[in-house]
Amino acid sequence: VQLVESGGGLVQPGGSLRLSCAASGNIFSMYTMAWHRQAPGAQREWVAMITRGHSTSYTDSVKGRFTISRDNAKNTVYLQMNNLKPEDTAVYYCTGVASGYWGQGTQVTVSS
């Protein structure tokens, strides 16, 4: 099983990024998928999740700005991030919920 995130980078406040997470093996078909993030000096926190049936939920701080989606044919989950703020700066990780599998993370930096 492998989870590979991509799409991170440096963006100015108010900008947008789209993260992708490509999953191998059966994890994508078996699990709800989620994004988490970890800022420097902070604990890893849950950001958003999407079920196999495409139901979604978000942490309050990103509601209305972030959108999680999944393409079951491509075994890929996405995180569209709009109106980014400096406090969104973190390493973003994807995971299959309760699977024990995590990607290596992708760095998102929001700074002017």
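The values are calculated or read from the model by the stated rules, or taken from the named source; none is laboratory data. Model, not experiment: these values are computed from the prediction. Backbone-built Cβ (ideal geometry, glycine too); neighbour counts: all protein chains shown. Just the protein is used for accessible areas: all its heavy atoms, side chains included, with ligands, DNA and RNA removed. Shrake-Rupley method; radii C 1.70, N 1.55, O 1.52, S 1.80 Å.
A few points about this structure:
- In the context of the full set of protein chains, the chain has a per residue accessible area of 50 Å² (1.4 Å probe).
- Farthest toward positive dipole pole in the chain [+1 Lys/Arg, -1 Asp/Glu at C-beta], among M81, I68, Q2: I68
- Here region 9-112 is treated with +1 on each Lys and Arg Cβ and -1 on each Asp and Glu Cβ, and its dipole about the Cα centre works out to around 160 debye.
- Calculated over region 37-81, the projected area of the Cα convex hull averaged across directions stands at 3.7 nm².
- Over the chain, DSSP H runs of length four or greater, each weighted -39,500 (n - 2.57), average out per residue to a 222 nm ellipticity of -500 deg cm²/dmol.
- Contact order for region 30-110, expressed relative to its length and based on alpha carbon pairs under 8 Å spaced 6+ residues apart, stands at 30 percent.
- Taking the 1.4 Å solvent-accessible surface of the chain as the whole, the part contributed by carbon and sulfur is 47%.
- Within the chain, longest stretch free of exposed trypsin sites (Lys or Arg not before Pro) [DSSP loop, at most 16 other beta carbons within 10 Å]: 1-43
- Considering only beta bridges that DSSP places wholly inside the chain, some 90 percent are antiparallel.
- Karplus-derived HN-Hα couplings along region 89-96 (A = 6.51, B = -1.76, C = 1.60, θ = phi - 60°), whole Hz, x at Gly and Pro: 4, 4, 8, 9, 10, 10, 7, x
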